[in-house]
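See below for the structure under consideration.
Derivation of every value follows stated rules applied to the coordinates shown; laboratory data play no part. For clarity, every value in this text was computed on a predicted model and none was experimentally measured. Quick reminder, even Gly has a Cβ in these numbers, built from the backbone with ideal geometry, and neighbours come from all protein chains shown.
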Amino acid sequence: MNRQGPGHGAVSRRTLVRGMAAAGTLAGIGMPFVARAAEPIRIGFPTPVTGPFGAEAKDQIRSAELAVKQFNEAGGLNGRMAELLVRDDKLNPGEAATRTLELIEKDRAHFIVGALSSAVQLSVNEITRSRKVLYISISQSDTINEAKDFSRHTFHEALNPHMTTAAVAKHAFKKGTRVAYLAADYAYGHEMLRGFKRAAAAIGAETAGEILHPFGAPDYSTFMPRLRAMRPDILCICNFGRDQANSIKQANDFGLKKASKIVVPVLLHNQRLAGGADAFAGVVGASNYYWGLEETVPTAKAFNDAFRAAYAGAVPTDYGAYGYTAVRSLLMAVQAAGDTDTDKVIAALEALKYDVAKGPESYRSCDHQAIQSVLVTESKPKSEMKGEVDLFRILEVEPGAEAMLRTCDELGHRA
Amino acid sequence: MQTLDQTVAEAPPTVPRRLPIALDGVSRWRAPLSILALLALPFLLPSQALAVNVLIYGLYAVGYNLLYGYTGLLSFGHAAFFGTGAYLTGIGIGAFGLHPLLAMALAVVAASGLALAIGTVSIRSRGIYFAMVTLALAQLVYYVALQASSWTGGENGLRGFTVSTIDLGIVSLDILNPLTKYLFVLAFVGAALGLISRILASPFGAVIEAIRENETRARACGFDVERTKLLAFVLSGLFCGLSGALSAIHLSIVPLDSLAYHTSGTAVVMTLVGGAGTFFGPFVGALTVLVLEDVLSLWTPHWQLALGSVFILFVLFLPRGLWGTALGRLTALRGRR
């Protein structure tokens, strides 16, 4: 700068100022037009990237991004592209509420999809329904279906505890079976426990006893002898994520699996990978999705193939698939509505019959719960596994039916 | 004093003369100036929801600082007051249909009452024992909220009290509008800042600082140390309760986390990052922590690593916090005049 002298510097600065002014004017004139022509369809996606559900969250993001990519490659909504705005909710309801507010107020998200823990999804729901923004929840919850937390802006794409426990119980429980429960002491554990007991009462299975453990407990050794003393035919472990892998491993170490069968409400792909084949062998649970479904369901094959192509041969996981089914169904509804207008999209979603990964699905009108199939799966022993991700045997596919759900009356919805 | 002298020695030879006078003005008008600075906040930060959080946690840290920075009592239980303020505001509006302002007022009174109870028990002990007693009592409050799930929503948190408009008699505020909400919260935070500034400038403010510096000497001077400490504790609980009440209005949910011990830790971290024992420091701390969290977590899932490293740098190189260090530098300049 010194060598150039003052005159040179002044000229270049003036040019720069002029250039900036010109650019600013151009941007000012041009931007609104450009923005209007190709305003993207923005989908806010809060999910717990950090925290114990991080692995599930990462799969959700990958699946959701795949759905967005496919929509855009197919031309979007008459050339209007979709965009996924991923935010870390840190598995914290307060953080999730702030993030959702940001997504709505600052990023002008048209729709919100996401959340994994029940407390977090309920807080997201509280924000979206007071601001009349469409929200599709992809985490298991019974509460969100109930009239108190429901709004016509809320859809629930995930299975709910009532559905999964009923499917598992129908398969595993018999009249007179003695069932002992180990459940995580928070909403998810309580709801699963309630679901199982309800199903057990209908079937005529007996409760041998129940133990609640703190959420995120690292050690289960104090519970195992007490559970064994109950002499159950079935040990029912109602927890999620790392808790599931840790407690099943320890049940194995204490020899509980030899004495009784282990049943879980939701058998998780990632936790089975983390826990290992030996610990999980023979454990029965329910699932919304397993990639092995591709043998019988053509849309599952298409979804898996697209996923494998996009992510170096990896297969989608159960909770990950929720990201895909929710975003795909949302974008299908946007297409059907021909607009991002919330009311039109709600109407389109209510009317939508979709089959994007796991067979036919549709939203029930009273509580916007997705009516869909429930898979009952069993973890394979190492000797039967054909590959790294050949984890489960599908024992049964309980087809989607309204009979699986609690009635609208029971949930407090007035016709 | 050593660090201060060093700073003096390192100060540049030319010192602007107007600065010291300006500095006196700044400290005299600290509350109005703080409010002015906060008025600009929603336009500077990435989002208004974040700006409201800065206000709320700033007030929380300022309230905490009254006890920690000025009285010298390290409490690990301030989430109890924050959470009580939040829960009772939510319950008041949701379950009893109270006017939001009335619910907030009752919640703040209850948080102060809780502070009186916890303070009475805990100020008998000192140092780490004091910290542990406050932590234990706050955990008690946490478990009460967890167990009383029919009132508090338990693990799912409290919902069902969304405030969309606040009727003030003459006007009705649309709280769903982000800027209106910001100004509504700022009105409370501003009033609280004015009050805290007044408290600190009063003889009582001088006594709590005397206790922080040398408790024995303060007692020898004839001050009732126990009562002063208790009053500081209650005032601190009051302001933290107010910040909790505002957070309930802001988020329209009360997560159980608001009573958890890491919310107590948040107050400590924010106060330390900003500068303990300074008037505006806790706000700077809240701003720094929240903005870093917000921005870093957009960039990388490993934001905790980055945030942790930043905190380590703060502890190593800015032991008096951002604001404390800045004030120290300025004071040093004045000393040179």
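Here the simple spin-label model places points 7 Å from the Cα toward Cβ, and for A:Glu402 and B:Arg334 these points are separated by 7.5 nm. By the beta-carbon count within 10 Å of each Cβ, the least crowded to most crowded order of B:Cys240, A:Cys408, fewest first, is A:Cys408, B:Cys240. With a simple spin-label model that places each label point 7 Å from the Cα along the Cα-to-Cβ direction, the separation between A:Ala314 and A:Ala347 comes to 4.0 nm. Here's the picture: charge each Lys and Arg Cβ at +1 and each Asp and Glu Cβ at -1 in the protein assembly as shown, and of A:Leu330, A:Ala306, B:Ala111 the one pushed furthest to the positive end of that dipole is B:Ala111. Annotation: amide H-H contacts under 5 Å for A:Leu395 (H modelled 1.01 Å from N, sequence separation of 5 or more, or interchain): A:Val376, A:Thr377, A:Glu378. Annotation: the antiparallel percentage among DSSP beta bridges lying fully within chain A is about 30. Under the convention that each Lys and Arg Cβ holds +1 and each Asp and Glu Cβ holds -1, the size of the dipole of chain A around its Cα centre is about 700 debye.
Taking a sphere under 13 Å around the Cβ of A:Val179 and counting the other residues whose Cβ falls inside, with K and R at +1 and D and E at -1, yields a net charge of +4. Coupling constants for the range B:220-232 follow from the phi torsions by the Karplus curve (6.51 cos²θ - 1.76 cosθ + 1.60, θ = phi - 60°), and in residue order they are 5, 6, x, 7, 7, 4, 4, 5, 5, 4, 5, 5, 4 Hz; glycine and proline get x. Exposure proxy ranking for A:Thr317, B:Thr263, B:Thr165, B:Thr325, based on other Cβ atoms within 10 angstrom of each Cβ and starting from the fewest, stands as B:Thr165, B:Thr325, B:Thr263, A:Thr317. In order along the range B:168-176, phi translates into HN-Hα couplings of 9, x, 7, 10, 10, 8, 8, 6, 6 Hz, rounded to whole numbers, per the Karplus curve 6.51 cos²θ - 1.76 cosθ + 1.60 with θ = phi - 60° and x for Gly and Pro. The relative contact order of the range B:226-285 comes to 16 percent, based on Cα pairs under 8 Å that sit 6 or more residues apart. Using the structure shown, list the pairs from A:Lys90/A:Lys382; A:Lys249/A:Lys386; A:Lys148/A:Lys344; A:Lys148/A:Lys358 with a Cα-Cα distance above 32 Å, or answer none. Table pairs above 32 Å Cα-Cα are A:Lys90/A:Lys382. Considering only A:Met163, A:Met230, A:Met332, the Gaussian network model of chain A with Cα springs below 10 Å gives its largest mean-square fluctuation to A:Met230. Couplings for the range B:26-42, taken from phi via the Karplus curve 6.51 cos²θ - 1.76 cosθ + 1.60 with θ = phi - 60°, read 4, 6, 5, 9, 4, 5, x, 5, 4, 5, 4, 4, 5, 5, 7, 3, x Hz in order; Gly and Pro are left as x. How much mean residue ellipticity at 222 nm does chain B get from its helices, if each DSSP H run of length 4 or more adds -39500 (n - 2.57) and you divide by all residues, to the nearest 500 deg cm²/dmol? Result for chain B, helices only: -24500 deg cm²/dmol. Take each residue in B:292-305, count the other chain C-beta atoms within 10 Å of its C-beta, and the mean is 3. Subtracting the Cα-Cα distance of A:Arg108 and A:Glu73 from their residue separation scaled by 0.36 nm leaves 10.3 nm. Once the chain from B:Ser150 to B:Phe204 is taken as fully extended at 0.36 nm per residue, the excess over their C-alpha distance is 15.2 nm. Database remark: amide H of A:Arg87 closer than 5 angstrom to the amide H of A:Phe45, A:Thr47 (H placed geometrically; neighbours at sequence offset of 5 or more, or on other chains; Pro and chain starts carry no H). If you sort the three axes of the alpha carbon gyration tensor as a ≥ b ≥ c, you get a/c of 1.5 or more for the range B:106-205 and a/b no higher than b/c, which makes it oblate.
Exposed loop positions in chain A were taken to be trypsin sites (Lys or Arg not before Pro) whose DSSP state is not H, G, I, E or B and which have at most 15 other beta-carbon atoms within 10 angstrom. Between these positions, the longest stretch is A:176-385.
Estimated purely from DSSP H runs of n ≥ 4, each contributing -39500 (n - 2.57), the mean residue ellipticity at 222 nm for chain A is -14000 deg cm²/dmol once divided by its residues.
Ordering B:Val254, B:Val310, B:Val171, A:Val283 by the number of other Cβ atoms within 10 Å of each residue's own Cβ, fewest first, gives B:Val171, B:Val310, A:Val283, B:Val254.
Could you tell me which of rounded, prolate or oblate describes the range B:32-77, using a ≥ b ≥ c as the square roots of the eigenvalues of the alpha-carbon gyration tensor, with rounded for a/c under 1.5 and, failing that, prolate when a/b is larger than b/c and oblate otherwise? It is oblate, given that a/c is not under 1.5 and a/b is not larger than b/c. Rounded to the nearest 20, the Cβ-based charge dipole of the range B:172-239 about its Cα centre (Lys and Arg +1, Asp and Glu -1) stands at 40 debye.
Amide H contacts under 5 Å for A:Leu182: A:Ile211, A:Cys236, A:Ile237, A:Cys238, restricted to partners 5 or more places along the chain or on a different chain, H placed in the peptide plane at 1.01 Å from N.
Here's the picture: charge each Lys and Arg Cβ at +1 and each Asp and Glu Cβ at -1 in the range A:120-264, and of A:Gln140, A:Ala200, A:Ala245 the one pushed furthest to the positive end of that dipole is A:Ala200. When you restrict to C-alpha pairs under 8 Å that are six or more residues apart and normalise by the size of chain A, the relative contact order lands at 16 percent.
DSSP beta bridges confined to the protein assembly as shown are antiparallel in about 35 percent of cases. Per-residue mean of foreign Cβ neighbours for B:46-58 is 3 (Cβ atoms of other chains, 10 Å radius). Under the definition of Cα pairs under 8 Å and six or more residues apart, what whole-number percent is the relative contact order of the range A:26-184? Taking the mean separation of contacting Cα pairs over the length of the range A:26-184, I get 20 percent.
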